[in-house]
Amino acid sequence: MGVVNVTADSFSDGGRFLDTEVAIAHGRRLIAEGADIVDIGGESSRPGADPVDEDEELRRVVPVVEALAGDIRVSIDTVKPVVARAAVAAGATLINDVSASLDAVAGELGVGYVVMHRQGTPRTMQIDPHYDDVVVEVKAFLADHAARAAATGVSEIWLDPGIGFGKSADHNLSLLRHLDQIVDLGYPVVVGTSRKGFLGRLLAASDGAETPPPTDDRLEASLATSTWAMAQGASMIRVHDVRASVQAAKVVAA
Ligand code: HH2
C-alpha cells in the first residue's frame, strides 16, 4: 500500500503533494513502482496535527481518487463519514480509518475496511501513552472492532496495530515483536511503520546522535520493520517508498 498524502502538514512529506496534479502524478509513480493499492489521505494524523475541515478534505482527495481508481485499487485514509462516502462514490474500495469508527459506513457501502488501533487523538496521543500490556490491549481492541465491523456487514476486514498512534517506542517494538498474536486473530493484518518517529529515535540512540535522521533518511530502518512485519505474517505494509518495499516483499514472499 503506497501512501499519497494530499496534505500540507504530513510528518514525512507534508506540502509535497498538496496540488491535485502533483498528487495524481505521485500516485501514478507509486503504481509504476509496483504498489497494489494507493492510500489517499487529505488530513494528517501525525502527533499534534490540526484537523482539516470537511470541504477542504473533499477538495483535496476526491479528484485524486477519481483520477487513480481506474488504474489501481484505491483506499481512502479518512476519519470522516462524508469523505469516505464521496471517495467510494469516486472509486475507492477500501476505507482506512485511523479512528476505528467508520465500520457501519463501510458495511453500508459494501467496501473493505481497515480497523486501526490508536490511543487518544492526534493532538495529544504522544504526550504520555500508557498501557498495562500493550499487546493484550491492542489485540482485544482489534478483535472487538473486527466483530463490530463484521456485524455491520463488512466482509473484508483488515487489522492494524496503529504503530505510532498513542504509543511509545517500546510500545511500538512490543507490538512488532508480538505481531504474530494479532495475525492469530485470523484477519489479514496491515502495518505502517514507514519513516515513523520511533525509527528516527532508535537510530539516533544507537548512533549517540542528538537529533534523529530526517524522515527521508529512514528508508533502511523502514524496510527492516516492514520485512519483520511481513515475516511475522502481515499481509500488507503501508509505505512511502514503494519501489524498495516491493523488492523486500518479493524476497520475503519467496
Ligand atoms: N499511519 C499514518 C496514516 N495512516 N493508516 C493506517 N492504517 N496505518 C498507519 O500506520 C497509518 C495510517 C501516518 O503516516 P502518514 O500518512 O505518512 O502521515 P500523516 O498522518 O502525517 O499524513
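The values are calculated or read from the model by the stated rules, or taken from the named source; none is laboratory data. The structure displayed is predicted, hence computed values, not measured ones. No Cβ is skipped: glycine too gets one built from the backbone with ideal geometry, and neighbour counts run over all protein chains shown. Each accessible area value is taken on the protein alone, full model and side chains, heavy atoms only, with ligands, DNA and RNA left out. Shrake-Rupley method; radii C 1.70, N 1.55, O 1.52, S 1.80 Å.
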*Proximal aspartates and glutamates to K250, defined as alpha-carbon separation beneath 19 angstrom and excluding residues fewer than eight positions away on the same chain*: E33, D36, E220, D241
*Can you check what the net charge comes to around M1, using other residues whose Cβ is under 11 Å from the Cβ of M1 (Lys, Arg +1; Asp, Glu -1)?*
-2
*Out of every Cα pair in the chain, what percent are spaced more than 33 Å from each other?*
11 percent
*asked:* Need the full-extension length gain, W228 to A253, defined as separation in residues times 0.36 nm minus the C-alpha distance. One decimal, nm.
replied: 7.8 nm
*What are the extents of the Cα atoms of region 38-152 along their three principal axes, listed from largest to smallest and rounded to whole Å?*
45, 32, 21
*Which residue, chosen from Q232, V191, L173, occupies the Cα position most advanced towards the positive end of the dipole of the chain, where the dipole is computed from +1 (Lys, Arg) and -1 (Asp, Glu) charges on Cβ about the Cα centre?*
Q232
*Share of the chain's accessible area from carbon and sulfur, percent, 1.4 Å?*
52 percent
*Pick out, from A143, S75, V252, the residue whose Cα sits farthest towards the positive end of the charge dipole of the chain, with +1 on the Cβ of Lys and Arg and -1 on the Cβ of Asp and Glu.*
V252
*Accessible surface, per residue, of the chain when the full set of protein chains is kept, probe 1.4 Å, Å²*: 43 Å²
*Tell me what the chain gives for mean residue ellipticity at 222 nm when only DSSP H runs of n ≥ 4 count, each as -39,500 (n - 2.57), the sum divided by the residue total, rounded to 500 deg cm²/dmol.*
-13500 deg cm²/dmol
*Would you mind calculating the gained length between R59 and A151 on full extension (0.36 nm times residue separation, minus the Cα-Cα distance), in nm to one decimal?*
29.9 nm
_Accessible-area value, K250, 1.4 Å probe, nucleic acids and ligands omitted, Å²_ = 140 Å²
_Whole-Å distance, taken between Cα centres, linking region 203-218 and region 80-143_ = 30 Å
*Cβ-based net charge around H145, under 13 Å, with every Lys or Arg adding one and every Asp or Glu removing one*: -2
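Quick one: net charge of D216's neighbours, Cβ under 11 Å, K/R +1, D/E -1?
0
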*asked:* Rg and Dmax in Å for region 68-118, alpha carbons only: what are they?
replied: 9.9, 32
_As a test of reading the structure, rank L68, L109 by solvent-accessible area (1.4 Å probe, protein chains only), most first._
L109, L68
